[in-house]
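The values are calculated or read from the model by the stated rules, or taken from the named source; none is laboratory data. Fair warning: this is a prediction, and the values are worked out from it, not measured in the lab. Glycine also receives a Cβ, built like all others from the backbone with ideal geometry; neighbour counts cover every protein chain displayed. Ligands, DNA and RNA are excluded from the accessible area calculation, which covers all protein heavy atoms including side chains. Shrake-Rupley method; radii C 1.70, N 1.55, O 1.52, S 1.80 Å.
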2 protein chains.
Amino acid sequence: MDLKNTRINYTKNEINYNDIYDNPFEFFVEWINEAFLNNCLEPNSFVLSTIEDNIPTSRVVLLKNIDHDGFVFYTNYDSSKSKHILINNNVSLNFFWPELEKQVRVIGAAYKINDNVSDEYFASRPKESQLGAILSEQSKKIDFNYDFNSKLIMLQEKYKNKDIKRPLNWGGFKVIPTKIEFWQGRPSRLHDRLLYKFKEGKWDKSRLSP
Amino acid sequence: MDLKNTRINYTKNEINYNDIYDNPFEFFVEWINEAFLNNCLEPNSFVLSTIEDNIPTSRVVLLKNIDHDGFVFYTNYDSSKSKHILINNNVSLNFFWPELEKQVRVIGAAYKINDNVSDEYFASRPKESQLGAILSEQSKKIDFNYDFNSKLIMLQEKYKNKDIKRPLNWGGFKVIPTKIEFWQGRPSRLHDRLLYKFKEGKWDKSRLSP
């Protein structure tokens with residue numbers, strides 16, 4: 001399948017290097033807000049990459065919180081990504097908003113968050129998602145004809161009038177970044193790239209060649 | 001910034017495990033075709049992850065060819081991703097089509113393709129992209145006020161009536177996969193996942209728990 005001629009000449013926006021934030025989190029919040037305001041699809045989704053045996057692995061994850069020092073997502077602590085992180089907590093995050101021709105690339109280290117924060121988020125999820133978290137033994141091989149629906153109906157019945165407690169093997173990670181790059185697509189592939197690196201307690205800024 | 005309540009309940013499609021391809025490339029071509037037919041944004045974009053010093057790094061890249069055994073993309077051979085690959089050629093690819101609630105996760109090894117294939121693809125690119133490839137010293141630090149446009153105009157003048165030859169430091173990689181997972185979002189986070197693993201000369205299929 002030949003895709004030679006599929007490309008877009010990016011023209012929508014640019015980075016104004018004369019007016020940039022000292023703190024990349026403020027810049028990130030500006031961009032993700034723009035993604036929400038412009039009705040980008042899944043604006044808080046990102047590709048999380050981890051390492052297993054010197055091989056990278058990537059999957060889409062949803063960002064659930066950004067605070068002054070990190071990016072928070074939730075998962076099953078028995079999932080492959082969690083197992084990878086427990087051995088090597090270096091991860092990368094890639095946010096891509098094709099509607100805005102924008103990309104944010106993050107490198108950092110992931111840490112388990114406090115149980116009470118995970119409890120609080122779990123309690124806020126829709127009941128169906130909570131039941132899904134209980135039902136799935138993440139990434140285990142299962143039969144092709146395995147029927148989640150009948151099990152889901154049983155669980156729905158069981159928990160009809162009851163709150164569901166967070167399973168102990170389910171919770172959050174926070175990624176504390178050391179590098180954050182902002183990428184804005186530009187005409188002729190001469191894209192704008194602004195890199196923040198955390199060095200000696202502060203964020204150093206530089207512009208990169210496309 | 002709290003994103004607790006941003007989620008979609010995926011309902012658009014499912015994987016019919018009773019009717020699946022033996023060859024994951026056929027399945028991949030079906031899905032990427034569907035992405036083109038449904039006018040997904042940047043349907044041939046994917047997140048490429050490489051490893052540097054035991055840390056993953058990710059960026060968006062465009063797929064330019066798929067054949068019977070691999071996925072082809074082009075880049076500057078002096079780029080960070082190329083340097084990473086020359087030291088450790090294990091990479092992952094993540095295709096995400098949120099419009100279809102579909103994701104394909106690939107793990108494989110990347111190899112430089114033949115120069116004549118890169119020549120052919122370079123020759124097929126728009127002149128502006130060719131000039132962009134000449135102009136960019138990929139990922140090098142540059143001044144905030146560096147002016148690509150004046151240089152682009154000079155080059156446009158220089159090459160007005162001339163073909164542009166592929167720079168020797170620009171060309172393709174093919175990723176030969178060992179694992180390809182097809183992910184279809186499903187209600188209650190109980191997603192469909194079908195994994196192909198290449199073992200002893202053939203593709204082994206299994207279903208994974210969400």
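Among the listed residues A:57, A:11, A:75, identify the single one that is at negative phi, β-branched (Val, Ile, Thr) and without any contact (Cβ under 8 Å) to a residue 40 or more places away in the chain.
On the way: A:11 fails: without any contact (Cβ under 8 Å) to a residue 40 or more places away in the chain; A:75 fails: without any contact (Cβ under 8 Å) to a residue 40 or more places away in the chain.
So the residue among A:57, A:11, A:75 that is at negative phi, β-branched (Val, Ile, Thr) and without any contact (Cβ under 8 Å) to a residue 40 or more places away in the chain is A:57.
What is the one condition in (1) surrounded by fewer than 20 Cβ atoms within 10 Å (Cβ to Cβ); (2) in contact (Cβ under 8 Å) with a residue 24 or more places away in the chain; (3) touching a helix residue (DSSP H, G or I) at 6+ places or on another chain (Cβ under 8 Å) that residue B:182 does not satisfy?
Every condition holds for residue B:182 apart from (1).
Among the residues of the stretch B:117-138, are any among the polar types (S, T, N, Q), at the interface with chain A (Cβ under 9 Å from one of its Cβ atoms), closer than 19 Å to residue A:209 by Cα and in contact with a strand residue (DSSP E or B) (Cβ under 8 Å, 6 or more places away or on another chain)?
Checked against the condition, which is being among the polar types (S, T, N, Q), at the interface with chain A (Cβ under 9 Å from one of its Cβ atoms), closer than 19 Å to residue A:209 by Cα and in contact with a strand residue (DSSP E or B) (Cβ under 8 Å, 6 or more places away or on another chain), the stretch B:117-138 yields at least one hit.
Only residues that are within 24 Å of the chain's Cα centre (by Cα) and either facing chain A (nearest Cβ under 9 Å) or closer than 18 Å to residue B:69 by Cβ (or both): list them for the stretch B:2-30, please.
B:20, B:21, B:22, B:23, B:24, B:25, B:26, B:27, B:28, B:29, B:30
Given the residues B:124, B:150, B:118, B:79, which is the only one that is closer than 29 Å to residue A:43 by Cβ and among the hydroxyl-bearing types (Ser, Thr, Tyr)?
Criteria check complete, one pass: B:79.
Is there a residue in the stretch A:95-104 that is more than 7 Å from chain B (Cβ to nearest Cβ) and either among the β-branched types (Val, Ile, Thr) or free of Cβ contacts under 8 Å to residues at least 60 places away in the same chain (or both)?
Keep residues of the stretch A:95-104 that are more than 7 Å from chain B (Cβ to nearest Cβ), which gives A:95, A:97, A:100-102, A:104.
This time we only want the ones that are either among the β-branched types (Val, Ile, Thr) or free of Cβ contacts under 8 Å to residues at least 60 places away in the same chain (or both), so: A:104.
Checked the stretch A:95-104: at least one residue is more than 7 Å from chain B (Cβ to nearest Cβ) and either among the β-branched types (Val, Ile, Thr) or free of Cβ contacts under 8 Å to residues at least 60 places away in the same chain (or both).
If you scan the stretch B:33-71, which residues turn out to be at the interface with chain A (Cβ under 9 Å from one of its Cβ atoms) and either closer than 26 Å to residue B:201 by Cα or among the small types (Gly, Ala, Ser) (or both)?
Result: B:45, B:48, B:49, B:50, B:58, B:63, B:64, B:65, B:66, B:67.
Which one is farthest from residue B:154 (Cα to Cα) among residues in the stretch B:101-128 that are polar (S, T, N, Q) and open to solvent by 10 Å² or more (accessible area, probe 1.4 Å)? If you could, list the steps in order and put the result at the bottom.
Filtering the stretch B:101-128 for residues polar (S, T, N, Q) gives B:103, B:114, B:116, B:118, B:124.
From the residues that got through so far, the ones that are open to solvent by 10 Å² or more (accessible area, probe 1.4 Å) too are B:114, B:116, B:124.
Numbers: B:114: 31, B:116: 28, B:124: 22 Å.
Out of the qualifying residues, it is B:114.
What is the one condition in (1) assigned to a helix (DSSP H, G or I); (2) at pLDDT 95 or above; (3) within 13 Å of chain B (Cβ to nearest Cβ); (4) open to solvent by 20 Å² or more (accessible area, probe 1.4 Å) that residue A:151 does not satisfy?
(2)
Kindly indicate the residue of the stretch A:129-148 that is under 22 Å from residue A:50 (Cβ atoms) and surrounded by fewer than 17 Cβ atoms within 10 Å (Cβ to Cβ) and also modelled with the lowest pLDDT among those meeting that condition.
The extreme case among them is A:137.
Is it fair to say residue B:87 is over 12 Å from the mean Cα position of the chain (by Cα), more than 7 Å from every other protein chain (Cβ to nearest Cβ), open to solvent by 10 Å² or more (accessible area, probe 1.4 Å) and β-branched (Val, Ile, Thr)?
On the way: over 12 Å from the mean Cα position of the chain (by Cα): yes; more than 7 Å from every other protein chain (Cβ to nearest Cβ): yes; open to solvent by 10 Å² or more (accessible area, probe 1.4 Å): yes; β-branched (Val, Ile, Thr): yes.
In short, yes.
Of the residues A:44, A:94, A:38, only one is loosely packed, with under 14 Cβ neighbours inside 10 Å and of a type in the set (S, T, N, Q); which?
Values: A:44 fails: loosely packed, with under 14 Cβ neighbours inside 10 Å; A:94 fails: loosely packed, with under 14 Cβ neighbours inside 10 Å.
Exactly one residue qualifies, and that residue is A:38.
Restricting attention to the stretch B:48-70, which residues are open to solvent by 30 Å² or more (accessible area, probe 1.4 Å) and out of contact with any helix residue (DSSP H, G or I) (no Cβ under 6 Å at 6 or more places or on another chain)? I'd like the intermediate steps shown before the answer.
Of all residues in the stretch B:48-70, those open to solvent by 30 Å² or more (accessible area, probe 1.4 Å) come to B:52-55, B:60, B:65, B:67-69.
Scanning the stretch B:48-70 gives B:53, B:54, B:55, B:60, B:65, B:67, B:68, B:69.
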